[in-house]
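Nothing in this text is a laboratory measurement; each read-out follows from the coordinates by a stated rule. No experiment lies behind these values; they were computed from the predicted model shown. Reconstructed Cβ throughout: ideal geometry from the backbone, glycine too, with neighbour counts over all protein chains shown.
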Amino acid sequence: MKLFNIRDLYREKYREYIVGSEEIGKHSVYLVYGEASRGEKREMAPNGHDEILFLLAGDAQLSNRDTEISLEKEQAVYMSPDESFTFTAKSDCKYIVAGTHTTPHGH
């Protein structure tokens, strides 16, 4: 077992807090915590990973050219490895993304 202080794991590149391969010592699963202010947009692109996005607080919109989904507090959505969405915060949001590497690959 390993304990993490999530606020110590901020990654400027993604503007999120990430518990990933560097922290756990293997390349199998990861956890992301993010906060987005109202009107802020983020790209949600699993890039070969299975991911579940769980909206802890706020309201958001996930969209791409084929799909548009509204998310409310405490709803979750599964994103397959080949999907990508734009996440738009309709109010201040807090979210978690849990993911796994379905096939070995490098980053």
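If you take the residues of segment 53-74 that are within 25 Å of Arg7 (Cβ to Cβ) and not small (Gly, Ala, Ser), which of them is nearest to the chain's Cα centre (by Cα)?
Residues of segment 53-74 that are within 25 Å of Arg7 (Cβ to Cβ), as a first pass: 53-60, 71, 73-74.
Applying the additional criterion that residues be not small (Gly, Ala, Ser) yields 53-56, 59, 71, 73-74.
On the way: Leu53: 6, Phe54: 8, Leu55: 10, Leu56: 12, Asp59: 15, Leu71: 14, Lys73: 15, Glu74: 14 Å.
Of everything passing the filter in segment 53-74, Leu53 is nearest to the chain's Cα centre (by Cα).
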I'd like to check which strands (runs of 3 or more DSSP E) are fully inside segment 12-107 and have at least 1 residues that are among the basic types (Lys, Arg). 41-44, 93-101
Cβ-Cβ below 6 Å, separation at least six or inter-chain, first residue in segment 53-80 and on the phi > 0 side of the Ramachandran plot, second part of a loop (DSSP other than H, G, I, E, B): which pairs? Gly58/Ser91; Gly58/Asp92
